[in-house]
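**Student:** Sharing a structure here in structure tokens format.
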């Protein structure tokens with residue numbers, strides 16, 4: 001399964017196509033996958049894992065869902081400090097990524 005594309009990201013965020021906003025969404029989507037990789041200590045690949053990447057993983061529904069949750073958070077919280085009280089979504093990205101964590105460390 002490939003990584004999330006821009007139209008799917010837009011659909012998840014419930015926004016229309018807009019060049020200025022699309023650039024931000026693409027940046028946040030890349031950041032979301034980097035956050036996923038940092039959490040599980042593995043490189044996430046779109047289709048196949050290269051033989052030299054011993055710990056790599058192919059993006060599947062759980063990994064892509066975690067990336068979308070992170071993307072949604074970045075989209076909704078555009079500042080470092082939020083007004084009011086915010087709590088993590090139960091069974092969110094961390095829960096989805098738990099089975100993929102490389103406990104040997106390093107990507």
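We did not get these values from a lab; they are worked out from the coordinates using the rules stated. Source: prediction; values computed, not measured. Virtual Cβ from ideal backbone geometry, glycine too; neighbours counted across all protein chains shown.
**Student:** Between residue 14 and residue 52, what length in nm is gained on full extension when 0.36 nm per residue of separation is reduced by their alpha carbon distance?
**Tutor:** Full-extension gain reported as 9.9 nm.
**Student:** Can you give me the distance in nm between label points at residue 23 and residue 45, each placed 7 Å from the Cα along the Cα-to-Cβ direction?
**Tutor:** 3.3 nm
**Student:** To continue, here is another question. Go through [x] -0.47, -0.81, -1.05, -1.66; [y] -0.58, -0.90, -1.07, -1.34; [z] -0.52, -0.87, -1.08, -1.54 and flag the label whose value is the computed log10 I(q)/I(0) by the Debye sum over Cα atoms at q = 0.14, 0.18, 0.20, 0.24 Å⁻¹ for this structure.
**Tutor:** Checking each listed value against the structure points to [y].
**Student:** Averaging sequence separations of C-alpha pairs under 8 Å and six or more residues apart, then dividing by the length of the chain, give the relative contact order as a whole percent.
**Tutor:** So the answer I get is 34 percent.
**Student:** Next question. Using 1/(1 + (r/R0)^6) with R0 = 22 angstrom and r between the beta carbons of residue 102 and residue 30, what's the FRET efficiency to the nearest 0.05?
**Tutor:** So the FRET efficiency works out to roughly 0.60.
**Student:** Arranged from highest to lowest average of other beta-carbon atoms within 10 Å per residue, in what order do the peptides 55-68, 17-30, 36-49 appear?
**Tutor:** Averaged packing, sorted descending, gives the order 55-68, 36-49, 17-30.
**Student:** Further, regarding this structure: Helix 61-76 versus the longest principal axis of the chain: what is the Cα-based angle in degrees, 0 to 90, to the nearest 10?
**Tutor:** Long axis of 61-76 versus the principal axis of the chain: about 30 degrees.
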